[in-house]
1. At MET192 and GLU282, where each label point lies 7 Å from the Cα along Cα→Cβ, what is the point-to-point distance in nanometres?
2. Using a 1.4 angstrom probe, figure out how much accessible area segment 204-336 has per residue, in square angstrom, rounded to the nearest whole.
3. Mind grabbing the accessible area of LYS303 for me, 1.4 Å probe, Å², rounded to tens?
4. Let me know the charge dipole size of the chain about its Cα centre in debye, to the nearest 20, where only the beta-carbon of Lys, Arg (+1) and Asp, Glu (-1) is charged.
5. Name the lysines eligible as straight-distance cross-link partners of LYS122: C-alpha to C-alpha under 25 Å, and not fewer than 8 places from it in the same chain.
6. Which distance in Å, rounded to a whole number, links the C-alpha centroids of segment 187-216 and segment 1-56?
7. Seen from all sides and averaged, what is the projected area of the convex hull of the Cα atoms in segment 1-92, in nm²?
8. Give me Rg over Rh for segment 181-223, both radii from the alpha carbons and Rh done the Kirkwood way, two decimal places.
Amino acid sequence: MRSLQETLEKDRRFKASEEQLMHFYEQMLLIRRFEEKAGQLYGLGLIGGFCHLYIGQEAVAIGLQSALDNDRDSVITGYRDHGHMLAYGIDPNIIMAELTGRAAGISKGKGGSMHMFSTEHKFYGGHGIVGAQVALGGGLALAHQYNDDGGLCLAYFGDGAANQGQVYETMNMAALWNLPIVFVVENNQYAMGTSVKRSSAETEFYRRGTAFRIPGMDVNGMDVLEVRQAAEIAFKHVREGNGPVLMECNTYRYRGHSMSDPAKYRTREEVQGQREKNDPIERAKKDLADAGIEEDKLKEIDKEIRARIAEAADFAESSPEPEPAELYTDVLVEEY
């Protein structure tokens, strides 16, 4: 039960090439700048409904999804989903267009922030019901097994969803049927606004698969190289036919649960301390500096990414809204 954790503890950080590390840095920075812009557009009233930002958690999505086989593997997540889509390399234009409810969006403007979807990229949402995506992830894993396609399902959920009954029903079935799935708890410490210590009797979530004989991994979700190393270990275990893995990525969101959350349940000093001492992008930046990459080059990358995100925002704002007839499409799989 501890074999995967012991393997990680022997060597916690992925040996990334300079090119790989630069790619991780650029992708995390893209998510950060995208989410900052999304927050601005929400404040201007251009994004409606709920909007849950991924700022602070970028290392989890990039570390894990950079290790996937995009031709075979599937991903499913909750409603804090923009970062996961960007980690897939999906065009920021169509993601921003979806956020603003435009016809050019990846779900034709009908899904918005919480319900993005792309069967082309094997990204199955974006789900608003807390924990529901885990059970659907079990179904995706069963499909991989049934079709014998060699793929696995990466099923994300948060520390709040970790107390949902359907999560454990899915774990039981996944272990019983030896399904190719990696359960990932993105533990950002506060769920919707209640700290882990106040809501969970067992706060070390990676241990929660023990009852189903699912090995757990405790991972620093603020270090992209540690997340990638954990992904290498977990994915290998699953691909070799050994059944599911439960991974806990300890991370921290800098903003509130959603844009409407003032986050009064924690101090500004706590958040600032995380930003100053534990930021995943700054950690990657230091690794690049240690590798001899000059500060000017990193500043130029940031400038280019800011321009790219401004372009995405302009595209979204100038794109038309869906035609009223779109309300009647995509309701059923087939027409009747």
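The values are calculated or read from the model by the stated rules, or taken from the named source; none is laboratory data. Treat the numbers as computed from the prediction; the structure is a model and nothing was measured. Heads up, the Cβs are rebuilt from the backbone with ideal geometry, glycines too, and the neighbour counts pull from every protein chain shown. What goes into the accessible areas is simple: the full protein's heavy atoms, side chains included, and nothing from ligands, DNA or RNA. Shrake-Rupley method; radii C 1.70, N 1.55, O 1.52, S 1.80 Å.
1. Distance between the two pseudo-spin positions: 3.2 nm.
2. Values: 7670 Å² over 133 residues.
Per-residue accessible area for segment 204-336 comes out at 58 Å².
3. 130 Å²
4. Values: 37 positive and 52 negative charges, 224 e Å.
Dipole size: approximately 1080 debye.
5. Result set, ordered by chain and number: LYS108, LYS110, LYS236.
6. 21 Å
7. Values: hull surface 31.5 nm².
Value for segment 1-92: 7.9 nm².
8. Here the Rg-to-Rh quotient is 0.97.
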